[in-house]
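Structure first, then comments.
The values are calculated or read from the model by the stated rules, or taken from the named source; none is laboratory data. This one's a predicted model, so the numbers in the text were calculated from it and none came from an experiment. Reconstructed Cβ throughout: ideal geometry from the backbone, glycine too, with neighbour counts over all protein chains shown. To get the accessible areas, we keep the full protein, side chains included, count just its heavy atoms, and leave off ligands, DNA and RNA. Shrake-Rupley method; radii C 1.70, N 1.55, O 1.52, S 1.80 Å.
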Amino acid sequence: MAMLLAVLPHALTMAQEKLFTLEDLNFGGRNYHAMTPERRYYTWWGNALMSLDVFGVKLLSEDSDAKFTAKKSSKVCDSSAESLFTLDDVQLVLSKDDDSAVGINLLSTTFPYADEPLALISAPKKLMLYDFRKKKIVWSQEKKGSLEWNAKSRTDAFLKDSNLWLRLSDGTERQLTSDGSREIVYGQSVHRNEFGIEKGTFWSPDGTKLAFYRMDQSMVTDYPQVNTFTRVATHEPDKYPMAGMASHKVTIGVHDIKADRTTYLNVGDPTDRYFTNIQWSPDSKSIYLFELNRDQNKATLDCYDALTGEKQSTLYTETDEKYVEPLHPIAFLPWDSNKFLLFSQKDGFMRLFLYDTEGNFIRVVTGTDYDQQNASYAKQNNANGKQNDGKLITNKDYIVRDILGFNSKTKSVIVKANVKECTSMNLCSFSIDGKEMQVLGATYGVCDGKLSDDGSYLINTFSNPDVPRGYQLVCIDRQNYSEKMLFTAKNPWEGYALPHISKGNTTAADGITNLKYREVLPPDFDPKKKYPAVLYVYGGPHAHLVNDSWNFAARSWEIYMAQKGYIVYVLDSRGSENRGKEFEQVTFRQLGQEEMKDQMKFVEEFSALPYVDKSRLGVHGWSYGGYMTISLMTNYPDVFKAGVAGGPVIDWKWYEVMYGERYMDTPGQNPEGYTKTSLLRKAKDLNGRLQIIIGANDPVVVPQHALGFINACNEAGTQPDFYIYPGEEHNMRGHLSVHLHERITRYFDDFLK
């Protein structure tokens, strides 16, 4: 258990510093926004950098050609920016009786046309194009029920009475479907938001065609949610396909605006098939999508004719003995419409592979062996008389998380990837020929970014353990690369009693794998004293808890608990994200089991520290973390004195099809695994004080889980505590989140402190 880095040393004592409340720290708290790092809002108008706030829009930098450069500009700062227009300007040109001006927020302003001075402004009731040179509204459209607006055709896809409609640029409306209902769902996310699906409509590049999902869930079982706020409680069921049971059927429609015709892709019988990652061809004639079988161990990339709906070809097939998980659509090269990048972790880590539209593999763009390339890059720099810029790739086993865009000048792709460290996230440029790479902007911390229109410039939003939030302007030019800081947020917690937060390394239960952890010590920590310790746990796929953002990503509740005299520990066990396929798939068909081994090895290590009171150990987690909390307390009943499990999974047979079957197969295929991982059989082993908290109308981990476990405890004679939030879903919303975390804290105060 090796400590990597400690932050936030303190010269003042707690008596001299202010103390936090949950109203300060917790999302939903009355003072929460005042205690968060200050933000800036930037966007692009072509290659011109724009600064947004609630009351106005400023042009930060542009040269005589209306294209700014980070290196040459002398006015890339808010104080000297040119004001383009204000909220007053917009409201002035709207008629006095036009209530569309009410609720306008310029923070959401975009500039959809690089060569026109038009700002797209969103109000609660309308979309408007504002000409900021002529100071007038040149176009507006109602946006009731809006799903997705297209800048090319100025057409909006929207829902009305469960059916899909179009609102054309001239304001006329066109109904595309007529059988929409609770059971026939159009234009919305399908497959329960798995496989990277976030929406249900997809405009063609030329704006003349709309692809959309149609989901028939009439065969899916209803889960009987109840509304207890009516005079007599009413039945308001959710469609919830549990593992091994009937799932919904999805098809894809394509509407041609000019021909006023809708065609459905001829996918055949959609039973037990998943369709995801829809992408249009650059010429708007073809649709590419991934199909996944219900076992989720085979994925194909298929191409369909958008006009006829007929399948044209299968370009790519990937299989895996455990599971394949397509999360990203293919990305066509802007300078070559016959080539595209494809995400895959078939070699063990998520990479980008270059293919052509005939399905021929060309090369691995983001590669796997960088030692030689790094040496070549450094040698080239030295030959050109340049110093090593410190931006060479150092983590070979990195994950490409997303594509931000392309730079056609340098023939490169700009991505998010953790190339420096598994706990960091960098912005990087990779040449499509696979020969050059560069980290863009901050090399340490967690970064996100937004590219200019042609990919020449980048806004990098980053955070690291010592920087709450920063914004960089990056000029992506191999010959004249430059960076400029736009804004660095002050520490909003200055003057408060801050805990000592550190990140460290430990080894997994396999004795080989390196794991990352976080330790949060009280502000007045005394190594000669002994403290109660709480393990905050998640452990499941598609999440990690330790990273190199501000305070090493310590949650506000951890800060609060440390202030109250607890030590909090967090470990990213095997099965979590950002570490590659083998690391993630160790949980296959046995969710929770390997994770428990890693967590308990970690518990043994930190409980042996001289300042940890091993007789006062607690554990807390939510959702998958709730499952892990109860798993740890019942499998190791003599270790934890108290625990709080929020929204816990209890038995995977009650969880939904797509997620559950990916990691566990069906109950029929894996009866031993479902029996082994079920917590119903462990209810008899509960020893410490356990509080279970749920939302009464949770549509994610349905209440049957918690109620089933409580019933098992009743039969076994064990005594959990139970708290429920009426009307709430999987997470407590608004100010109820403050109430929730006060309740969690009080439970540990009552039974652990």
Could you grab me the full set of residues in region 278-305 that are surrounded by fewer than 19 Cβ atoms within 10 Å (Cβ to Cβ), at positive phi and either assigned to a strand (DSSP E or B) or in contact with a helix residue (DSSP H, G or I) (Cβ under 6 Å, 6 or more places away or on another chain) (or both)? none
Select from region 628-645 the residues that are closer than 19 Å to Asn711 by Cβ and in contact (Cβ under 8 Å) with a residue 60 or more places away in the chain and write down the one among them that is nearest to the chain's Cα centre (by Cα). Thr629
Subset of region 559-584, residues open to solvent by less than 10 Å² (accessible area, probe 1.4 Å) and assigned to a helix (DSSP H, G or I), comes to Ile559, Met561, Ala562
Filter region 15-34 for residues that are open to solvent by 60 Å² or more (accessible area, probe 1.4 Å), within 15 Å of Pro523 (Cβ to Cβ) and among the aliphatic types (A, V, I, L, M) and give the result. Ala15, Leu19
Got a number for residues in region 679-727 being out of contact with any helix residue (DSSP H, G or I) (no Cβ under 9 Å at 6 or more places or on another chain) and among the polar types (S, T, N, Q)? 1
Scanning region 468-487 for residues that are under 30 Å from Asp24 (Cα atoms) and open to solvent by less than 30 Å² (accessible area, probe 1.4 Å), the one farthest from the chain's Cα centre (by Cα) turns out to be Leu486
Which residues, taken from region 385-432, are more than 17 Å from Gly580 (Cβ to Cβ), loosely packed, with under 15 Cβ neighbours inside 10 Å and at pLDDT below 90? Gly385, Lys386, Gln387, Asn388, Asp389, Gly390
Any idea which residue in region 262-277 is nearest to the chain's Cα centre (by Cα), counting only those that are more than 23 Å from Pro205 (Cβ to Cβ) and either modelled with pLDDT under 95 or open to solvent by 10 Å² or more (accessible area, probe 1.4 Å) (or both)? Arg273
Somewhere in region 164-186, is a residue surrounded by 15 or more Cβ atoms within 10 Å (Cβ to Cβ), in contact (Cβ under 8 Å) with a residue 24 or more places away in the chain and at positive phi? no
What are the pairs, 6+ residues apart or on separate chains, where a residue within region 650-665 that is on the phi > 0 side of the Ramachandran plot has its Cβ under 7 Å from a residue that is not hydrophobic (A, V, I, L, M, F, W, C)? Asp665/Arg589
Taking Asp63 as meeting all but one of (1) in contact with a His (Cβ under 8 Å, 6 or more places away or on another chain); (2) at pLDDT below 55, write down the number of the exception. (1)
Could you run through region 488-515 and say how many residues are among the aliphatic types (A, V, I, L, M), surrounded by fewer than 18 Cβ atoms within 10 Å (Cβ to Cβ) and under 19 Å from Gly575 (Cβ atoms)? 1
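Tell me, yes or no, whether region 558-567 has at least one residue that is closer than 28 Å to Pro667 by Cα, touching a residue at least 24 places away in the same chain (Cβ under 8 Å) and more than 25 Å from the chain's Cα centre (by Cα).
Filtering region 558-567 for residues closer than 28 Å to Pro667 by Cα gives none.
Looking for residues that are closer than 28 Å to Pro667 by Cα, touching a residue at least 24 places away in the same chain (Cβ under 8 Å) and more than 25 Å from the chain's Cα centre (by Cα), one finds none in region 558-567, hence no.
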With the requirement that a residue be open to solvent by 20 Å² or more (accessible area, probe 1.4 Å) and not basic (Lys, Arg), what does region 687-696 give you? Asn687, Ala696
Filtering region 91-112 down to residues that are modelled with pLDDT of 90 or more and surrounded by 15 or more Cβ atoms within 10 Å (Cβ to Cβ), which residue is farthest from Phe487 (Cα to Cα)? Pro112
Considering each residue of region 697-741, count those that are buried (at least 16 other Cβ atoms within 10 Å of the Cβ) and either among the acidic types (Asp, Glu) or modelled with pLDDT under 95 (or both), and give that number. 3
Taking region 217-250 as the region of interest, how many residues are buried (at least 19 other Cβ atoms within 10 Å of the Cβ) and either β-branched (Val, Ile, Thr) or over 29 Å from the mean Cα position of the chain (by Cα) (or both)? 2
So how many residues does region 597-610 have that are open to solvent by 10 Å² or more (accessible area, probe 1.4 Å) and out of contact with any Lys or Arg (no Cβ under 6 Å at 6 or more places or on another chain)? 8
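So, Arg214, is that one under 30 Å from Lys581 (Cα atoms), at pLDDT 95 or above, more than 24 Å from the chain's Cα centre (by Cα) and not polar (S, T, N, Q) or not?
no
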Taking first residues from region 503-524 that are in contact (Cβ under 8 Å) with a residue 60 or more places away in the chain and second residues anywhere that are among the small types (Gly, Ala, Ser), the pairs with Cβ under 6 Å that are 6 or more apart or on different chains are Gly504/Ala2; Asn505/Ala2; Leu515/Ala508; Tyr517/Gly504; Glu519/Ser502; Pro523/Ala497
For Gly540, work out the one condition from (1) at pLDDT below 95; (2) in contact with a strand residue (DSSP E or B) (Cβ under 7 Å, 6 or more places away or on another chain) it doesn't fulfil. (2)
